[in-house]
Amino acid sequence: MQHLTPRQAHDFLQQHPDAVLVDIRYADELVATGTPAAALHVPFASIAGTRNPQFVAQITQAVPNDRAVLLICRSGKRTLDAGELMQALGYRQVINVLHGVEGDPDAQGQRGRVNGWLADGLPLRQVATAPAPGAAVAA
């Protein structure tokens, strides 16, 4: 599995229009912080570790296995497990977005300031309600 910083991932998506960015966080996380613009939503596991039993069906329906897939979560940890599973399913180019959307907490425990998609000032889309799994996130 390849690993890219959020800025590198954003650049990769610009250079490879067939690549797919998948936000694997649960719906409440997307509503709370927003999601990278143009990301698909296929939840993998909650912060507490509860796995989505439909992940395999949803990801294989949403993304062909011959496309480059970039995975993003809150801090870049759940994407490692999701990426390993996707590689086992035959996905050839799986990329983990390091630090995720919110990144590591700062000294006061706040996320989105040290590293990650938010800290890098990359395009985010706020959502009022989470999209259906496998759907693009609507404005």
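None of the figures in this text is laboratory data; all of them are computed from the coordinates on show. Everything numeric in this text was worked out from a predicted model, so none of it was measured. Because the Cβ atoms are built from the backbone with ideal geometry, glycine has one as well, and the counts that use them run over all protein chains shown.
Over all other residues within a Cβ to Cβ distance under 13 Å of Thr35, the charged ones net out to -1, with Lys and Arg as +1 and Asp and Glu as -1. Helix content alone sets the calculated 222 nm mean residue ellipticity of the chain: runs of n ≥ 4 DSSP H residues at -39500 (n - 2.57) each, divided across all residues, give -7500 deg cm²/dmol. All distinct Cα pairs of the stretch 52-122 go into the 1/r average, and the inverse of that average, the Kirkwood radius, is 12.9 Å.
Every Cα-Cα pair in the chain was counted, and those over 27 Å apart are 10% of them. Annotation: amide H of Leu124 within the under-5 Å range of Ala37, sequence separation 5 or more or interchain, hydrogens built in the peptide plane. Principal-axis analysis of the Cα atoms of the chain puts helix 6-15 at an angle of about 50° to the longest axis. A full extension of the chain between Leu85 and Gln126 corresponds to an added length of 11.9 nm, given 0.36 nm per residue minus the alpha carbon distance. Using Cβ point charges alone (K and R +1, D and E -1), the dipole size of the chain about the Cα centre works out to roughly 80 debye. Remark: the stretch 65-79, residue by residue, has Karplus-estimated 3J(HN,Hα) of 6, 9, 9, 5, 10, 9, 10, 9, 9, 5, 10, x, 9, 4, 5 Hz, where x stands for each Gly or Pro and the curve is 6.51 cos²θ - 1.76 cosθ + 1.60 at θ = phi - 60°.
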